[in-house]
Every structure is written in C-alpha cells, then in structure tokens.
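Student: The structure that follows is given in the form of structure tokens.
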Ligand SMILES: Cc1cc2nc3c(=O)[nH]c(=O)nc-3n(C[C@H](O)[C@H](O)[C@H](O)COP(=O)(O)OP(=O)(O)OC[C@H]3O[C@@H](n4cnc5c(N)ncnc54)[C@H](O)[C@@H]3O)c2cc1C
C-alpha cells in the first residue's frame with residue numbers, strides 16, 4: 001500500500017520530502033488522475049497547499065505564482081484586469097493547477113491564436129531529485145540567459161522535478177468574441193476548409209474540427225470590428241454557418257473546457273492535420289475533437305487502452321492518458337531517446353520521480 | 001603533422017579542411033571582435049554524416065569544438081577555442097522541403113534566416129523571427145541562441161517557431177527532437193535545446209513553422225521632447241489593452257545617426273521617437289488604430305505620423321533598422337548591450353544609463369525593443385585610446401547588473417556566450433547553475449562542445465580589433 005499523501009506548504013517542505021522519501025509522485029488538483037495515480041512504493045506529494053499568486057503586474061503582462069495555484073484563481077485575477085491565459089488550459093472548473101498544467105503540457109482551443117503552454121511559460125522553480133531548489137528562466141517577457149528549464153518542464157509529468165513556482169506571460173483578453181459553427185457534408189470538405197483557413201491571414205482564436213465534418217471557429221477582438229470580420233469569414237468560406245454570440249458563445253467554450261467528451265479514458269494526442277484522415281478511419285465511434293488546426297486531439301476512449309496504443313503506434317503518433325485506469329499514461333510511439341534519458345538522470349539521479357525504480361527499468 | 005589532424009584529413013577533402021594560419025584568420029572571432037582565438041583547424045561539413053564524423057573525431061581525441069553558422073554572434077558564442085576544432089556549417093545551406101499546405105519549412109542549419117521568408121513569400125507565408133542580422137545569420141545559429149527580433153512580444157522568439165531538429169550530441173549520437181506537431185506528450189527536449197548556445201549539440205536539420213502574412217499593417221511614428229514620455233507612452237499603449245506587433249524607441253543620438261545615414265525623414269529635434277506597429281485583419285487594425293491614436297495623443301507626442309503607404313512604412317523601419325550601423329558613424333567603435341528590464345522600469349533604467357554614461361564619460365545611444373523591455377544601449381568608444389575599451393566594458397557590466405537589480409535579465413536575445421558568462425551569477429544562484437551544469441555534463445562529460453562559454457569561469461582578455469568584417473562592408477547592422 002502507498003503511504004498517505006504529504007501536503008507541503010512551502011518549497012522547503014518539498015525539499016524535505018524529496019530528501020526523506022524514496023519515491024514521490026506530485027499531484028496538483030488531481031484533475032488528471034491518470035497522471036497522479038501512484039505506483040507501488042510512490043508517495044503522493046499533494047501540492048494544493050503550495051498555492052497563491054506571488055506577483056502580478058498587469059502592465060508587465062507577467063505573473064508569478066506557486067505551482068499549486070488553481071487555474072480558476074489565476075483566471076479570475078487576470079480577468080479583473082482584462083487579461084487571460086492565451087494557451088487556454090483545460091479542466092479549469094475541475095480544479096486544475098498551474099503546476100499540473102505545465103507538467104502535463106496541456107493547452108486548449110485558443111492556443112490557436114498565440115501558442116500553447118510552452119510558448120507562455122517564462123520561469124520555473126522546482127526541486128530536483130536530490131532535493132535542491134533550482135530556478136530557471138526569469139520574470140520578464142524576454143530572456144535568453146541559461147538553459148531554458150521552463151520549457152523543459154512542460155510535459156515533464158513530474159519526472160524531472162517537483163514544480164514549486166512558475167512565471168507566465170499573459171496577454172490582454174479579446175474584448176469581444178464570436179463563434180461560427182460550420183457543417184460540411186464530410187471530413188474531406190471540412191479539412192479542405194481547415195487548411196485554407198490555417199494558411200490565410202484570418203486570425204482565429206480557435207480552429208477546431210468536430211468530426212465528422214463540423215468546423216468551429218472563434219474570432220476575437222474589438223467589438224466594433226467583429227461584425228465585419230464575421231462577414232469576411234463567411235465570404236471567405238462561401239457559407240453562412242451557425243453563428244454563436246453572447247452568453248451562449250461563452251457557455252459553449254466553458255463547457256468544452258471540461259473535456260467531458262464521453263465515457264471512458266480521456267486521452268490527448270499530438271498530431272498534424274495531415275494525419276486526420278487515417279486516424280478518422282481507425283478511431284471508430286470514440287468521441288473526439290481536433291483543436292488548433294489539427295495539432296491537438298482530445299478523445300474519450302471507452303475500450304482497452306492497449307487497442308488505442310496500437311492504433312497510435314501504427315499511425316506514428318504519441319498520446320497521453322489524462323483520465324482512466326492506467327499506470328502507463330504515455331501511449332503510442334515511444335518518445336524516449338538518449339538525450340532524454342541522460343538529462344532525466346542528471347536531474348533525478350536516484351530515480352525518485354521515475355515511474356519505475358531505475359533498476360527495474362534497465 | 002599532428003596525428004589527429006592526419007586522421008581528420010581522411011574525413012575531409014583539402015578544400016574543406018583548413019589548418020594553415022592564413023586560412024584560419026576569418027574564423028578567429030565572431031561579431032564580438034574584441035575576443036579572438038586560433039582554432040587547430042576548421043572543417044566544412046556538407047552532410048549530417050560529416051558533422052557526426054567531425055564530432056566523433058573530437059570525442060575520440062578529446063578536442064573541444066565550436067559550431068559556427070555565419071559568426072554573427074554578438075556575445076562571443078561562435079568564438080573558436082584555442083587549439084580546438086571549428087565546425088563551419090555554411091555549406092549545409094539547403095532548403096530541404098517547403099510545404100506551403102502544412103506551412104512547414106525543413107532546412108539545413110546553414111540556411112539563412114531571410115531566405116526562409118523569401119522562399120515562403122509566394123505562398124503568402126513568412127518566418128516570424130526577424131533578428132536584424134537576418135540577411136546573414138543562419139537558422140542553426142538562431143536556434144542555438146534562440147534569437148529574437150522586433151516582433152517577439154506577440155509572436156515569441158526562435159524557440160516558438162521551431163518544430164523539430166535533428167541533433168548530433170557531443171558524443172556523436174544522433175537524436176531527433178520535436179515533431180511537426182505544435183503539441184507534444186512528453187518533456188520538451190527541443191525547448192531545452194533551443195537557446196543552449198551550442199553546448200548541447202549541433203543541429204543538422206531544422207523544421208520551421210511558417211505563418212500567414214498579416215493582411216494589413218498600421219505603422220505610427222511619434223516624436224517626443226523627452227525619453228521618459230516615450231517610455232510612458234509604451235506603458236499607456238499596454239494599459240489600453242492593445243497588443244501591437246512591435247514597439248520600438250530610439251533616442252536623440254540614434255535618431256541623429258539614422259537620419260544622417262538613411263534620411264528616413266525623422267523629426268531631427270526629437271529627444272525620442274516611438275514606432276508602434278499594428279498588424280492583422282483590416283477591420284480589426286482600423287479599429288485598433290483609433291484607440292492607438294487616442295493613447296498617443298494623450299501621451300504628449302508633439303508630432304505624430306502615420307504611414308499612408310507601404311513605402312512610408314518601409315521608410316520608418318529603414319531608419320530604425322539602420323540605427324545601429326549608423327551610430328557606428330558617430331564613433332569608431334561601440335559595444336551593444338542586450339539587457340532586459342520590466343517594462344515599468346524602462347524610464348528608471350534609461351535614467352540610470354544616462355547617469356552611468358556621464359560618470360564614465362562615454363556616450364551611450366539607445367535603440368530598443370520597448371514592447372518587451374529589451375534595451376540595446378550602444379556604448380560608443382574609441383579603441384585606439386588607451387583604456388577606453390576597458391572603461392566601455394566596465395560600463396557595459398554596470399548596465400547588466402542594473403538590469404538584474406531591476407528584476408530583468410542580462411540578455412534578451414544575444415545570448416551569454418563568452419561575453420556575459422561572468423554575469424550569470426548575478427542572475428542565477430549556485431544551485432541553479434549547478435543543475436544546468438549537470439545537464440550539460442550528462443551529455444558532454446568532457447565539456448567538448450563550446451567549452452568555456454555560458455557557464456561562469458575565466459574570460460579571456462578583450463582586445464581591440466574594430467568592426468566585424470561584414471559590418472564594415474555594410475552587409476549587416478547591429479540591432
Ligand atoms: C549586426 C548584427 C545584428 C544582430 N541583430 C540581432 C537581433 O536583432 N536579434 C538577435 O537575437 N540577435 C541579433 N544578432 C546576433 C546574432 O546575429 C544571432 O545570435 C544569430 O542567431 C547568430 O547566427 P549565426 O549564424 O551568425 O551564428 P554563429 O554566430 O555562427 O553562432 C552562434 C552560436 O550558435 C552556435 N551554433 C551555430 N550553428 C549551430 C548549429 N547548427 N547547431 C548548434 N549550435 C550552433 C555556435 O556555436 C554559437 O554558439 C545580431 C548580430 C549582428 C552582428
């Protein structure tokens with residue numbers, strides 16, 4: 001049996017925990033249970049007590065917060081100043097934290113406009129496998145000093161260190177938004193429109209594909225310019241579609257943020273639009289949605305994960321299970337390579353954060 | 001002959017292995033010409049396999065090496081190592097693939113930055129990172145230094161536009177980092193490699209993301225009677241919720257120089273000029289322009305010009321882009337600094353730089369990326385005057401410390417290299433640097449790759465050598 005979770009409230013307590021425990025698994029808000037479900041022998045380090053925004057100056061477009069801070073708290077604070085997290089992290093209402101979002105490397109539909117979590121992280125503080133407190137990056141929007149440890153931590157799944165503090169760049173939120181739903185007779189037509197849009201100067205906040213053939217487009221900007229832009233978009237596509245605005249529009253995207261796609265495991269897949277036709281053949285009935293012009297797929301998988309793993313392998317893709325019963329959240333092709341193995345051992349020489357003890361791996 | 005060299009001769013034909021003193025001279029320094037070192041030899045590989053062979057040779061003989069693109073590093077990043085190997089990548093300069101539908105370009109490391117946008121232009125696409133050295137600097141060098149440009153605040157640096165890279169690690173192994181997707185499901189190894197200043201390996205193939213060109217630009221030039229007012233205008237633009245593609249400031253010394261050089265038509269008596277550029281869909285830009293006009297009116301600008309045509313826009317930018325080389329005309333030599341401060345501290349930083357300039361009796365011109373707080377003070381000196389280079393270096397160091405003290409960084413885009421490694425301890429604590437060093441040693445236990453750079457340690461003496469040959473020829477200018 002695993003020991004009860006530890007609940008540090010300071011970076012020093014995290015350091016202490018790392019020094020005194022053999023194997024640890026960090027957990028933020030627990031909104032991605034497949035990533036915070038301990039293996040035999042792992043002690044859970046619950047970071048929800050390491051919470052709070054430490055610095056925020058809207059004029060700098062920068063904030064610094066403890067890693068266990070909930071996204072909901074951050075977003076509410078930013079909204080008071082007309083700003084937002086441009087990478088649009090999912091699972092806000094489910095209690096997702098900043099640290100968990102970074103470690104899982106998760107972004108949402110609006111990443112289409114300015115980029116994902118890796119494009120907005122500026123600084124990190126983390127505890128490495130030897131209990132050292134390490135800082136990388138900085139607190140200004142531009143900085144090229146030293147190795148980019150903040151980016152390295154994106155998608156690190158808690159295996160390179162325990163995040164204790166993060167700094168982010170933020171942007172002014174669009175003052176108004178509008179959404180257009182467009183049904184195409186089939187995948188082919190929808191994909192063709194997706195490619196045309198992605199290669200055009202039309203600046204979309206979201207460019208989603210809801211299979212089999214619906215595109216969901218979100219425009220944002222100044223309210224006085226939106227009607228003309230919406231018309232321009234419709235003219236570009238040669239069809240009117242179904243516009244959403246006001247509360248209905250906000251509610252649509254808020255509900256999508258929960259990623260309640262359907263029964264079963266929730267899985268993220270990294271891909272490009274080129275892979276969609278073959279994948280669509282293989283995925284059957286699994287509820288799913290492609291985000292950001294086909295760069296990101298979230299799907300619900302209500303069958304053996306092994307089967308999905310096989311499909312992804314065959315397509316040359318990698319996936320990450322966020323919710324669902326598995327001890328191996330990384331599925332599809334093996335992303336492991338020698339640089340990764342060596343750097344991991346450099347930051348965690350004893351395998352305190354490894355999925356399996358090092359000896360068992362080799 | 002050195003037996004190791006004989007072995008190298010079997011790997012590279014005579015024209016692509018240089019070791020006679022005369023052949024080595026052009027490689028002895030980068031754009032920070034105050035540093036100089038003579039490598040044992042230079043090799044000019046033409047393929048991934050040849051890069052790998054060169055690196056393996058270094059590993060076998062424990063000879064340190066430096067990769068080099070166009071050698072435009074301003075921080076001594078591509079300065080060779082005395083007795084080491086220099087691996088020149090300029091011959092690996094092919095565009096391997098341009099896919100306008102997927103909006104991707106795959107290039108060899110020696111491919112020139114500007115040529116990416118040129119190749120993409122027929123498809124309405126461009127490559128966003130635009131360092132002023134873009135007519136000559138290579139994508140490999142840009143990636144190693146995570147280079148920026150005037151459009152970083154909105155679109156990010158090189159690292160935000162590189163999707164994948166094939167890399168020869170310091171032990172000669174090859175890894176593929178990243179993929180064509182913007183997303184990933186594990187640690188961001190490519191993110192770590194970007195900006196690692198040649199310490200973690202050599203990129204031999206790089207996949208870039210291309211963006212559609214904006215529909216419209218709206219470029220405003222505002223003149224102020226004080227630098228402080230221009231700085232406050234930047235803060236006001238930010239506070240208004242606008243997100244311009246670029247916000248640049250020039251001070252009077254820079255204006256004077258730029259005007260003399262390219263006759264951009266700048267108001268000569270201005271103490272500061274602010275350039276703000278909006279870009280995007282036409283209706284949105286038109287609406288933003290109305291807000292911008294209000295903000296600029298209120299900011300106390302005494303003259304405001306809006307570019308009415310593409311020619312007028314390019315003229316405004318021409319002055320800005322030429323400012324650095326133009327400043328060179330005011331002074332025989334200069335050092336470019338690259339510190340970053342929080343935007344709200346811009347006024348304070350500029351004030352302090354002015355005081356330092358007076359204290360050191362050295363003129364300092366300021367041209368900078370105001371939108372992201374990235375200062376580029378140009379310290380003017382005369383290398384032929386006894387002690388001036390040394391005073392200029394000291395002044396440069398004080399500016400770096402000032403930036404850190406104000407909560408910023410010692411480098412926004414030019415990298416640490418040789419020049420700023422002594423200041424790494426101002427920014428990072430021992431444990432931070434130790435972690436970075438452990439990462440480096442895990443991949444390169446002998447410290448062969450770019451030995452002596454980035455990490456604090458001994459810095460060789462600088463001596464006076466004048467401008468970069470390319471600058472002298474007017475091919476590039478510093479920004
Ligand atoms: C006039 C002028 C203007 C400039 N303006 C800007 C600017 O606006 N913004 C900005 O950010 N910088 C600017 N710079 C700095 C410089 O141009 C950049 O750092 C550029 O990226 C260097 O490219 P390069 O090809 O010259 O690389 P080099 O100087 O040859 O190399 C730079 C570093 O990269 C490493 N390297 C080179 N190729 C590879 C590779 N394939 N794999 C791994 N490592 C490699 C080298 O070892 C070295 O450490 C300017 C420089 C000059 C001289």
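Student: Which of rounded, prolate, oblate describes the stretch B:88-184, given a ≥ b ≥ c as roots of the alpha-carbon gyration tensor eigenvalues and a/c under 1.5 marking rounded, otherwise prolate only if a/b is larger than b/c?
Tutor: Since a/c stays below 1.5, the shape of the stretch B:88-184 is classed as rounded.
Student: Now for a separate question. Under a plain spin-label model, where a point goes 7 Å from the Cα along Cα-to-Cβ, how far apart in nm are residue B:121 and residue B:216?
Tutor: 2.4
Student: While we're looking at this one, here's another question. Calculate, for residue A:21 and residue A:81, the FRET efficiency according to 1/(1 + (r/R0)^6) with r their C-beta to C-beta distance and R0 45 Å; round to the nearest 0.05.
Tutor: Using R0 = 45 Å, I get an efficiency of 0.70.
Student: With the contact rule set at Cα under 8 Å and sequence spacing of 6 or more, what percent relative contact order holds for chain A?
Tutor: So the answer I get is 17 percent.
Student: Which whole-number percent is the relative contact order of the stretch A:265-332 (Cα, under 8 Å, 6+ apart)?
Tutor: Result for the stretch A:265-332 is 41 percent.
Student: Compute the acute angle (0 to 90°) between the alpha-carbon long axis of helix A:338-347 and the principal axis of greatest extent of the alpha-carbon atoms of chain A; round to the nearest 10°.
Tutor: Approximately 50 degrees, to the nearest ten.
Student: Here's something else I'd like to know. Place a point 7 Å from Cα of residue A:356 in the direction of its Cβ. Which residues in the stretch A:34-55 have their backbone N less than 13 Å from it?
Tutor: In the stretch A:34-55, the label zone of residue A:356 (backbone N under 13 Å from the point 7 Å along Cα→Cβ) covers A:40.
Student: Can I get the semi-axes of chain B's equivalent ellipsoid? Compute them from the C-alpha gyration tensor as square roots of 5 times the eigenvalues, in angstrom, largest first.
Tutor: Working from the Cα gyration tensor, I get semi-axes of 37, 26, 20 Å.
Student: Tell me, in nm to one decimal, what length is gained between residue B:95 and residue B:359 on full extension, where the rule is 0.36 nm per residue of separation less the Cα-Cα distance?
Tutor: Stretched fully, the residue B:95-residue B:359 segment lengthens by 90.0 nm.
Student: Continuing with this model, one more query. Taking chain B as the reference, fit the longest principal axis to its C-alpha atoms, fit the long axis of helix B:346-359 to the helix C-alpha atoms, and give the angle between the two in degrees, 0 to 90, nearest 10.
Tutor: Long axis of B:346-359 versus the principal axis of chain B: about 70 degrees.
Student: Related question: Residues of B:429-438, mean number of Cβ from any other protein chain within 10 Å of their own Cβ, rounded to a whole number?
Tutor: Averaged over the peptide's residues, the number is 6.
Student: Let me ask another. Please give the average number of partner chain Cβ atoms lying within 10 Å of the Cβ of each residue in A:189-200, rounded to a whole number.
Tutor: Mean partner-chain Cβ count within 10 Å for A:189-200: 2.
Student: Output the 0 to 90 degree angle, nearest 10, between the alpha-carbon long axis of helix B:388-405 and the longest principal axis computed from the alpha carbons of chain B.
Tutor: 70
Student: Here's something else I'd like to know. Based on the Cβ-Cβ distance of residue B:38 and residue B:434, what FRET efficiency does E = 1/(1 + (r/R0)^6) give at R0 = 56 Å, to the nearest 0.05?
Tutor: 0.95
Student: Can you work out the FRET efficiency for the pair residue B:386 and residue B:82, with r the C-beta to C-beta distance and R0 = 25 Å, to the nearest 0.05?
Tutor: It comes out at approximately 0.40.
Student: Would you work out if the stretch A:176-257 is rounded, prolate or oblate? Take a ≥ b ≥ c from the square roots of the eigenvalues of the alpha-carbon gyration tensor; rounded if a/c is under 1.5, else prolate when a/b is larger than b/c, oblate otherwise.
Tutor: It is oblate, given that a/c is not under 1.5 and a/b is not larger than b/c.
Student: Roughly what would the spin-label model give for residue B:393 and residue B:11, points 7 Å off Cα along C-beta, in nm?
Tutor: 3.3
Student: Using a 10 Å cut-off around each Cβ, can you sort A:348, A:148, A:119 from fewest to most neighbouring Cβ atoms?
Tutor: Fewest-to-most Cβ neighbours within 10 Å comes out as A:348, A:119, A:148.
Student: Ok, one more. Mind checking the alpha-carbon convex hull of the protein assembly as shown and giving the volume per residue in Å³?
Tutor: So the per-residue Cα hull volume is 152 Å³.
Student: For the stretch B:154-303, what does the alpha-carbon gyration tensor say about shape, rounded, prolate or oblate, given a ≥ b ≥ c as the root eigenvalues, a/c under 1.5 as rounded, and a/b over b/c as prolate?
Tutor: prolate
Student: Follow-up. Taking Cα pairs under 8 Å and at least six residues apart, what relative contact order does chain B come out at, in percent?
Tutor: It comes to 16 percent, rounded to a whole number.
Student: Hey, another quick one. Given labels modelled 7 Å from the Cα in the Cβ direction, how far is it in nm from residue A:53 to residue B:61?
Tutor: Output for this residue pair reads 5.8 nm.
Student: Order these by the 10 Å Cβ neighbour count, fewest first: B:240, B:409.
Tutor: Listing B:240, B:409 from fewest to most nearby Cβ atoms yields B:240, B:409.
Rule-based calculations on the coordinates, nothing more; no lab input. Quick caveat, the model's predicted, so the values are computed rather than measured. Quick reminder, even Gly has a Cβ in these numbers, built from the backbone with ideal geometry, and neighbours come from all protein chains shown.
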